[in-house]
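Below: the structure, in structure tokens.
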Amino acid sequence: MRGQALGVEYQVRAARITDVERIVALVAAAAPAASAAIPEGADLLRRLVYLPQASVLVVETLRTMVGVAVLALRPSVRAGGYVGTIDLLAVDQRHDAERVTGLLLGELLRSARNKGCAVVETTAPADGAAPAAWERNGFRPAGPRIECRIRADRASADQG
């Protein structure tokens, strides 16, 4: 997926194993609290890149990584399908945080829908990072978290 405006083009793609060190560096610089919350750091990210129950996405511009997000899936009887949890979303603050966040969220929701998720949830951004992007993508307060209810596309889930 590509997003272009104001002369800067961003590309969202699935992370590769070769991206892991750059992801760790980006998270450490952009979201130090999130970096501390990744107990195994690079080793955990290397495993997540390969798991079908996770989506690890990066945003690049001119071969520079400017954003990263991780979505993990778990089954839930209560939700009526899978629940996707956005465990990490970090954006290089030298770039358009609102746009990069919006691109990552849009692609995470598409991935969640394709994998049969009924809802995607996350902890509300503590620093108020790009609130309009979260709202535009359908996230609403749900207790201490925010969530986006989505309708899973069963045909896509059966094929994926």
Worksheet item: If the chain between A25 and R13 were fully stretched, how many nm would it gain, using 0.36 nm times the residue separation less the Cα-Cα distance?
Response: 2.5 nm
Discussion item. Around M65, under 9 Å between beta carbons, what's the net of Lys plus Arg minus Asp minus Glu among the other residues?
Written reply: -1
Worksheet entry | FRET E, pair L51, E98, Förster distance 41 Å, beta-carbon r, rounded to 0.05 | 0.90
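Once the Cβ-Cβ distance between R145 and R63 is put in as r, and R0 is 45 Å, what FRET efficiency do you end up with, to the nearest 0.05? Kindly include the intermediate steps, with their values, before the conclusion.
Working: r = 35 Å, r/R0 = 0.77.
Taking R0 as 45 Å, the efficiency between R145 and R63 is 0.85.
Given the Cα-Cα distance of E135 and R74 and 0.36 nm per residue of separation, how much length would full extension add, in nm? The partial results should precede the final answer.
On the way: separation 61, 0.36 × 61 = 21.96 nm, distance 2.35 nm.
Value of the extension gain: 19.6 nm.
Where a number appears in this text, it was derived from the coordinates with a stated rule and is not lab data. Keep in mind the model is a prediction, meaning the values are calculated, not measured. Counting neighbours? That spans all protein chains shown, and the Cβs are built from the backbone with ideal geometry, glycine included.
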